[in-house]
1. Report, by residue number, each residue of region B:91-108 that is on the phi > 0 side of the Ramachandran plot and over 10 Å from the mean Cα position of the chain (by Cα).
2. Could you go through region A:59-71 and let me know if any residue there is touching a residue at least 40 places away in the same chain (Cβ under 8 Å), farther than 20 Å from B:Gln33 by Cα, surrounded by 13 or more Cβ atoms within 10 Å (Cβ to Cβ) and within 14 Å of chain B (Cβ to nearest Cβ).
3. Please enumerate the residues belonging to region B:26-52 that are of a type outside the set (Val, Ile, Thr), on the phi < 0 side of the Ramachandran plot and surrounded by fewer than 16 Cβ atoms within 10 Å (Cβ to Cβ).
4. What number of residues within region B:73-91 are surrounded by 14 or more Cβ atoms within 10 Å (Cβ to Cβ) and touching a Pro at 6+ places or on another chain (Cβ under 7 Å)?
5. Can you find even one residue in region A:34-44 that is touching a His at 6+ places or on another chain (Cβ under 8 Å) and not aliphatic (A, V, I, L, M)?
6. Test B:Ser51 against the criterion of being more than 14 Å from chain A (Cβ to nearest Cβ), over 24 Å from A:Phe90 (Cβ atoms) and among the polar types (S, T, N, Q), and give yes or no.
7. Quick check on region B:53-71. Is at least one of its residues surrounded by fewer than 15 Cβ atoms within 10 Å (Cβ to Cβ), in contact (Cβ under 8 Å) with a residue 40 or more places away in the chain and among the β-branched types (Val, Ile, Thr)?
8. I'd like to verify a number: residues in region A:47-93 that are in contact with an Asp or Glu (Cβ under 7 Å, 6 or more places away or on another chain) and within 18 Å of A:Gly16 (Cα to Cα), how many?
Amino acid sequence: NAGVTQTPKFRVLKTGQSMTLLCAQDMNHEYMYWYRQDPGMGLRLIHYSVGEGTTAKGEVPDGYNVSRLKKQNFLLGLESAAPSQTSVYFCASNHMDRAGANVLTFGAGSRLTVL
Amino acid sequence: GIQVEQSPPDLILQEGANSTLRCNFSDSVNNLQWFHQNPWGQLINLFYIPSGTKQNGRLSATTVATERYSLLYISSSQTTDSGVYFCAVGHNTDKLIFGTGTRLQVFP
């Protein structure tokens with residue numbers, strides 16, 4: 001049981017290049033999320049998914065696209081990277097445990113630098 | 001959307017001291033979680049506490065939903081408690097909105 005796995009862990013892009021971040025979870029969770037973390041700004045929600053085949057916008061969706069073709073995978077795409085997208089990206093999945101508690105579980109993060 | 005404010009932004013303690021971190025939110029919620037981000041960037045869920053009080057070892061949390069705030073208590077702090085503490089709020093399992101965090105540094 002690996003939990004939430006993000007790839008790649010580090011990436012450097014040039015302005016205008018495209019890339020995809022992959023998030024995989026092996027816990028059979030319905031809900032998955034992509035956040036970005038910038039210094040002094042906490043975590044901001046980019047997009048999220050409430051189940052296979054569904055996606056929804058979060059707080060800062062512009063410049064990103066997502067897909068959830070399989071329940072275990074949630075992909076975050078940057079079609080034309082900009083320096084403002086330099087950040088640390090976190091994927092998370094959410095479940096309700098036996099006690100009825102919601103527990104958000106995070107991946108280790110992906111550090112993206114756009115030059 | 002929901003606004004989340006955390007205070008204080010920074011906290012410096014000596015080992016053994018106690019501390020209280022606060023999270024205020026602008027709307028009613030039924031999902032509130034506290035997280036610790038360690039110095040290596042890993043985010044760990046501490047509590048799910050939309051209301052009431054919970055304790056886990058030296059940490060405890062209280063949420064007063066009617067007054068829209070939550071408190072995280074750290075007793076007998078240790079250097080391993082250092083990092084950033086976030087609260088996140090929302091409705092059910094939909095969008096969880098994070099505060100900007102409290103950065104805690106514990107010195108020996």
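The values are calculated or read from the model by the stated rules, or taken from the named source; none is laboratory data. None of the values given here were measured: they were computed from a predicted structure. Cβ atoms come from the backbone with ideal geometry, glycine included; neighbour counts cover every protein chain shown.
1. Matches in region B:91-108: B:Asn92 only.
2. We begin by selecting, within region A:59-71, every residue touching a residue at least 40 places away in the same chain (Cβ under 8 Å); these are A:71.
Cutting the leftovers down to farther than 20 Å from B:Gln33 by Cα gives us A:71.
With surrounded by 13 or more Cβ atoms within 10 Å (Cβ to Cβ) added as a condition, the list becomes A:71.
In the following step, the residues that additionally are within 14 Å of chain B (Cβ to nearest Cβ) were identified as none.
No, region A:59-71 contains no residue that is touching a residue at least 40 places away in the same chain (Cβ under 8 Å), farther than 20 Å from B:Gln33 by Cα, surrounded by 13 or more Cβ atoms within 10 Å (Cβ to Cβ) and within 14 Å of chain B (Cβ to nearest Cβ).
3. Residues of region B:26-52 of a type outside the set (Val, Ile, Thr): B:26-28, B:30-43, B:45-48, B:50-52.
Then drop every residue that is not on the phi < 0 side of the Ramachandran plot, which leaves B:26-28, B:30-40, B:42-43, B:45-48, B:50-51.
Those that are of a type outside the set (Val, Ile, Thr), on the phi < 0 side of the Ramachandran plot and surrounded by fewer than 16 Cβ atoms within 10 Å (Cβ to Cβ): B:Ser26, B:Asp27, B:Ser28, B:Asn30, B:Asn38, B:Pro39, B:Trp40, B:Gln42, B:Ser51.
4. 2
5. Here is the first cut: in region A:34-44, the ones touching a His at 6+ places or on another chain (Cβ under 8 Å) are A:34.
Remaining after also requiring not aliphatic (A, V, I, L, M): A:34.
Yes, there is a match, as at least one residue in region A:34-44 is touching a His at 6+ places or on another chain (Cβ under 8 Å) and not aliphatic (A, V, I, L, M).
6. no
7. Here is the first cut: in region B:53-71, the residues surrounded by fewer than 15 Cβ atoms within 10 Å (Cβ to Cβ) are B:53, B:55-58, B:64, B:66-67.
Restricting the remaining residues to those that are in contact (Cβ under 8 Å) with a residue 40 or more places away in the chain gives none.
Looking for residues that are surrounded by fewer than 15 Cβ atoms within 10 Å (Cβ to Cβ), in contact (Cβ under 8 Å) with a residue 40 or more places away in the chain and among the β-branched types (Val, Ile, Thr), one finds none in region B:53-71, hence no.
8. The total comes to 2.
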